[in-house]
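We did not get these values from a lab; they are worked out from the coordinates using the rules stated. Remember, predicted model here, so these are calculated numbers, not experimental data. Backbone-built Cβ (ideal geometry, glycine too); neighbour counts: all protein chains shown.
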Amino acid sequence: MSTAVKPAWMLGPVREPLAPEVSKRIDVLRILLMFLIVLNHGAKGVTVRIGDPGPLTTLMVTLFNDHIILVTVPLFFAISGFLFLRKFELSLAAYGEMLRKKFFSLFIPYVLFNIWIVAWFYFVGSIETMGSWNYFVAHGLWAKIFGVGGYATPVNYPLWFLRDLMLVFVLSPVLLLFLKEAPGVGLVTLFVLWTGLDHDPYSYHSYFFMFYLGGFVARSRLSLSGRSWWQRFGALVFVVLTVVLVAHVSFGFKADAVWRFLFKCYLMIGLAFFWYVSSFPRIRDSAMLHRMARFSFFIYLAHEPTVSIFQTRLLSVWVPASDVQQTMFYFITGVAVTFFLWGVGEVFSRFLPRVYAVVTGARLPKRKPLPAPLAAQAR
């Protein structure tokens, strides 16, 4: 029996299965990070709609929105790279199959949830802080549904992450070549490009670096189980850096370039912090979090219009006046929208499973086979 020899440029997948503990920790992180993203987009309720937030509210928004929550996007890219680059095979056939799968799992939900917002604008009306039909017409169909062109942000603006993630997947063979030929050089090169060329912490350089970092960890077989020293140390440094960065003006940090570099390092160290958090048994083994994690992608797709509509309704009956009330409004939005969309996802997937699978890019549920007598009648 003959076996085909792979060309030298091909790189096979990692054959070892993912450790159960690592899989569970990734699972709970998906929903914890999603809650933070919902919380992040709810901050406009106090900073824009209510306005003039008090000192406690300002501190909370600065602490979470401007610092801790900014780790979520890099960590999502790192998790995506970890799961994808450890299994992706560097071959033309595998690349074509990957593009086909990503078309259905990412591109279709991306387009559908942008079209849904446009349909809302046309048939229902505007959504405060998101736009209106006239806004959509002024910016153009191509720009607001596909997120490309002169106004590159899609109408459902948090979905920019999906657009950029799809581009990373398209160019992923380049990253896999680095992992095959010079993994360390690739890691250093992408880090230098990100820290040296980009003014902002979020950029394509950062997305490619974090995605590659996840693959680098997967291919290097670094042990992610338990609570190793680097997790504890990283968590401690992250907490200290959070305090320093929140109060950096008081500490006399004037050099903008130094602050930008420090903040990018802060985002990297934040990966260790969140991974350490996921190690606690009450979080790692939480049945509720694992149940919610099944709907984290749906929550992501639908959360922004839901946040806007929820806050509009809530402010019609309660306008927070005090600093404490504004802080409560900030956190209530994040918790309420996350749990509401979890419930919607449960109902949607139960009663319209095939529709839910299409709009969220999930695998279509298999039809149950008919009993033998009914199958014979059907024929």
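For the chain, calculate the relative contact order in percent as a whole number, restricting contacts to Cα pairs under 8 Å that are 6 or more residues apart.
30 percent
Report the Cα-based extents of the stretch 77-195 along its three principal axes, largest first, to the nearest Å.
Cα extents, longest axis first: 53, 34, 22 Å.
Could you work out [θ]222 nm for the chain from helices alone, using -39500 (n - 2.57) per DSSP H run of at least four and dividing by all its residues? Round to the nearest 500 deg cm²/dmol.
Helices in the chain give a 222 nm mean residue ellipticity of -21500 deg cm²/dmol.
Helix hunt in the chain: which complete DSSP H runs extend at least 30 Å axially by C-alpha with mean Kyte-Doolittle at least -0.5?
20-41, 256-277, 323-351
Chymotrypsin sites (Phe, Trp or Tyr not before Pro), restricted to the stretch 297-341: which are DSSP loop and have at most 14 other Cβ atoms within 10 Å?
TRP318
Starting from the coordinates of the alpha-carbon atoms of the stretch 130-225, obtain the Kirkwood hydrodynamic radius over all distinct pairs and give the value in Å to one decimal.
So the Kirkwood estimate lands at 15.3 Å.
If packing is taken as the mean number of other Cβ atoms within 10 Å per residue, what is the order of 118-125, 263-270, highest first?
Ranked from most to least packed, the peptides come out as 263-270, 118-125.
Among LYS24/LYS144; LYS24/LYS101; LYS44/LYS144, which pairs are too far apart, with a Cα-Cα distance over 29 Å?
Where the Cα-Cα span goes over 29 Å, the pairs concerned are LYS24/LYS144.
Taking the alpha carbon gyration tensor of the stretch 196-276, what are the square roots of 5 times its eigenvalues, largest first, to the nearest whole Å?
With the √(5λ) rule applied to the stretch 196-276, the semi-axes are 25, 18, 7 Å.
When a/c is below 1.5 the answer is rounded, else prolate if a/b is larger than b/c, else oblate, so apply that to the chain with a ≥ b ≥ c taken from the square roots of the Cα gyration tensor eigenvalues.
oblate
Could you tell me the center-to-center distance, by alpha carbons, between the stretch 174-248 and the stretch 38-109 in angstrom?
16 Å
Which of the three applies to the stretch 2-146, rounded, prolate or oblate, going by the alpha-carbon gyration tensor with a ≥ b ≥ c and a/c under 1.5 meaning rounded?
Verdict is oblate for the stretch 2-146.
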